[in-house]
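Quick notes on the structure that follows.
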Amino acid sequence: MKRTYICLLTIIGLAASPVFAQISLGTAQNFGVLGGSAVTNTGATTVNGNVGVSPGSSVTGFPPGIVVGGAIHSNDAVAMQAQNDLTTAFNNIAGTPCTVDLTGQNLGGLTLTPGVYCFTSSAQLTGALTLDALGSPNALFLFKMGSTLTTSTGSSVAMINSGGNSCNKVFWQVGSSATLGTGSTFVGDILALTSITLTTGANTNGRTLARNGAVTLDTNNVNTCGVSVCPIITVNPATLPNGSVGTPYVQVVSASGGTPPVMFFVSSGSLPTGLLILTSTGAITGTPLTPGTFTFTITATDANGCTGSRLYTITVTSPGCPAIVLSPTTLPPGMSQTPYVQTITASGGTAPFTFAVAAGALPAGLSLNPATGLISGTPLVPGLFNVTIRATDAVGCQGSRAYALVILPALLAAGGPTLNFVGLMILTVLLAAAGLFVMNRLSI
Amino acid sequence: MSSRQKIAEPRPLRPRIIFVAKFCVAMLVLYAVIALNQVNDRVIVPFTEVVARGAAIPLRGVEVTGTVMRSSRFALDVRNGCNGVEAAILLASAILAFPATMRSRLLGLTVACVAIEALNLVRLATLFWLGEHYRPIFDFVHIAVWQSLIILAAISIFILWSWKFAEKPR
């Protein structure tokens, strides 16, 4: 008997009670990517909005990743506040009652209307999920899952009848971790308790916000709508003059690009002993009390909470010491697993000079030759490394410079063989066959 | 039986066996030569550095350090095996083994090696560009497309050369 199998692409329209409300992310809404322990990127990822991490501090892979309309916040006040707001939003969503229980149901092939959809444990998307906003500008889709959210390779989430605006309409509250499969297209903000992983080529129209774990990216586009983009606030001047023990010091830092009034504060490091910064004017005043090299960051915050900062180093010399200047002013970027060589030189004092790391640390794998100032070695890991190099001349006078050394990610690709083993075997056989063919045709 | 009937003359086996044997021997010898540390260090690696520099010429914002091509967005290490030498050796072995005059062989070797290396430069440049701009298809082009093109080019070069310069029996 002939049996006919009819394959049905089942589109389920689940009639949930429409939800027309709003979820507030607070300051987390300005983040395209927010991690708890780390943010790691590989490849040419583009993030629209801020990239931040807190309470961890590791943000790697930018570049080659780029941040558009935002900045990188590594466990600073902005990232901390965003994490607090994320926790609030996460808990608010968690407390919203479910309208439909989809436990055990694969989201692939479904068409859903606004509502609160719950999964007791994990949620899986294989294929296409359609979200029908029913033409409402306030439509809201909340997805709550007890554990993981996983999308398969090439799966997609699309919104229809939204008037072309899917911003802030979809939220995924994930009880543990979320993973978007290779090449997935996703819509909505992911609020995960633990980690979020976007595998190669996964793109999302929404934020990826992880509370405790890492956000891992690999050649993705994270498009964050509704971001209130801060202007670029520049703290000036680029450098501050050095000081001398016992000599009054006055210098004013200013900010451009923000909305007045702008407040100034030292966000990391410390001013030389005896100096203070006036938050309302940016004036650094006082009399240095102790010699040494002091590296610190001054952050300017404008009326809208937007920030800009600059790293400074002030060397306070003992009375009678000349200014010792280190060159170059910046270090060229290196690449992990690739030999790096750069020489630091000093001028202005009495030779010979000795060199040392005064603050921070060189990347693992690099070392500084105290006698020559040669930085050499093979950096092992990528990242941004803030290090201050100090030169001491023959009579003990010191000068230093702060460097931000960027180590680019490990080689993203080996050139790969022109022909791999299989290719070589194929070419060998074909060449032999071609030779025999020609010999046959020419009766050799 | 008619005397007009011709008996098909069997094709001599010996030249074919000699060709295949010479091909294998030449291939093994050349591979053994490039496997020597001194040859690798003094010839292959410097040559690979030249290849990396050559491949970077048409690309903007690409720095070359040793065998590493890198930009702000992508980096490529042109390692042994990526320099086209193995493919050129195979083609050269076939040309050396094929019955032809020494002059023809030298001409064939020159044209074949230059063509394969030129094609490999284009390969590396396009792969780097793809790596910068279209990472998702990098592996596909790298493994499927360019290998096929290299094989096709090598076979085409060999057939054209052997057809034109084969030393026919007197």
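For chain A, set up a GNM with springs between Cα atoms under 10 Å and report which of A:ASN203, A:ASN50, A:ASN369 has the largest fluctuation.
Maximum among the listed residues: A:ASN369.
Sorted from fewest to most neighbouring beta carbons within 10 Å, what does the list A:VAL51, B:VAL64 look like?
B:VAL64, A:VAL51
When only Cα pairs under 8 Å and 6 or more residues apart are kept, what is the percent relative contact order across region B:14-165?
Computed over region B:14-165, the figure is 25 percent.
Can you give the extra length, in nm with one decimal, that the chain gains between A:ASN236 and A:VAL68 once fully stretched, where that is 0.36 nm per residue apart less the Cα-Cα distance?
Taking 0.36 nm per residue and subtracting the Cα distance, the gain is 58.2 nm.
With the contact rule set at Cα under 8 Å and sequence spacing of 6 or more, what percent relative contact order holds for region A:12-223?
Relative contact order for region A:12-223 comes out at 22 percent.
Give me the net charge of A:LEU25's neighbourhood, meaning all other residues with Cβ under 14 Å from the Cβ of A:LEU25; Lys, Arg count +1, Asp, Glu -1. Provide the component values of the computation, followed by the final result.
Working: positive: A:LYS169, A:ARG207, A:ARG211; negative: A:ASP85, A:ASP189.
Here the count lands on +1.
Relative to the longest principal axis of the C-alpha atoms of chain A, give the angle of the C-alpha long axis of helix A:77-94, reported between 0 and 90° and rounded to the nearest 10°.
Tilt relative to chain A: about 20 degrees.
Using r as the Cβ-Cβ distance of B:LEU109 and A:SER254, and R0 as 51 Å, what FRET efficiency do you calculate, to the nearest 0.05? Please list the in-between numbers first.
On the way: r = 69 Å, r/R0 = 1.36.
Efficiency, from the Cβ-Cβ distance: 0.15.
With each label point set 7 Å from Cα along the Cα-Cβ vector, what nm distance links B:ILE57 and A:PHE421?
3.5
In region B:12-112, what trypsin sites (Lys or Arg not before Pro) fall in a loop by DSSP, with at most 12 other Cβ atoms inside 10 Å?
B:ARG60
Could you calculate the contour length gain from A:ALA158 to A:ASN369, that is, 0.36 nm times the residue separation minus the distance between their Cα atoms, to one decimal place in nm?
Length gained, A:ALA158 through A:ASN369: 70.2 nm.
Can you sort A:VAL174, B:VAL141 so the residue with the fewest Cβ neighbours within 10 Å comes first?
Ordered by Cβ neighbours within 10 Å, fewest first: B:VAL141, A:VAL174.
What is the angle, in °, between the Cα long axis of helix A:421-441 and the longest principal axis of the Cα atoms in chain A? Nearest 10 is fine, range 0 to 90.
Compared with the principal axis, the helix lies near 60 degrees.
Give the residues of region A:162-206 whose amide nitrogen is closer than 18 Å to a point set 7 Å from the Cα of A:ASN91 in the direction of its Cβ.
Only A:173-176, A:191-194 fall inside the zone, counting backbone N under 18 Å.
With no solvent and one point on each alpha carbon, what is the Debye value of log10 I(q)/I(0) for region B:9-137 at q = 0.12, 0.17 Å⁻¹?
-0.57, -0.91
With loop defined by DSSP as not H, G, I, E or B, and exposure as at most 16 other Cβ atoms within 10 Å, which is the longest segment of chain A clear of exposed trypsin sites (Lys or Arg not before Pro)?
Here the longest segment lacking exposed loop sites spans A:4-444.
Under DSSP H, which helices of chain B have Cα atoms covering 24 Å or more of the helix axis and a Kyte-Doolittle average no less than -0.5?
The qualifying helices are B:14-35, B:102-133, B:146-165.
Can you tell which of A:ASN30, A:ASN161, A:ASN41 shows the greatest fluctuation in a Gaussian network model of chain A with Cα springs below 10 Å?
Among A:ASN30, A:ASN161, A:ASN41, the largest GNM mean-square fluctuation belongs to A:ASN161.
Please list log₁₀ I(q)/I(0) at q = 0.07, 0.09, 0.10 Å⁻¹ for the protein assembly as shown, using the Debye equation with identical point scatterers on the alpha-carbon positions.
For the protein assembly as shown at q = 0.07, 0.09, 0.10 Å⁻¹, log10 I(q)/I(0) is -0.65, -0.91, -1.00.
To the nearest 20 debye, what charge dipole does chain A have about its Cα centre, counting +1 at the Cβ of each Lys and Arg and -1 at the Cβ of each Asp and Glu?
660
Please give me the summed charge of the neighbours of B:ALA35: other residues whose Cβ is under 14 Å from its Cβ, Lys and Arg +1, Asp and Glu -1.
Taking every other residue near B:ALA35 into account, the sum is -1.
If we count other beta carbons within 10 Å of each Cβ, what is the order of A:ASP76, A:ASP189, fewest first?
A:ASP76, A:ASP189
How far apart, in nanometres, would the label points at A:THR126 and A:ASN106 be if each is projected 7 angstrom from Cα along the Cα-to-Cβ direction?
Reported label-point gap for A:THR126 and A:ASN106 is 0.3 nm.
Using a 10 angstrom cutoff on alpha carbons, build the Gaussian network for chain B and name the most mobile of B:ALA118, B:ALA52, B:ALA92.
B:ALA118
Rule-based calculations on the coordinates, nothing more; no lab input. Just so you know, these numbers come straight off a predicted model, no measurement behind them. Glycine gets a Cβ as well: all are built from the backbone with ideal geometry, and neighbour counts include every protein chain shown.
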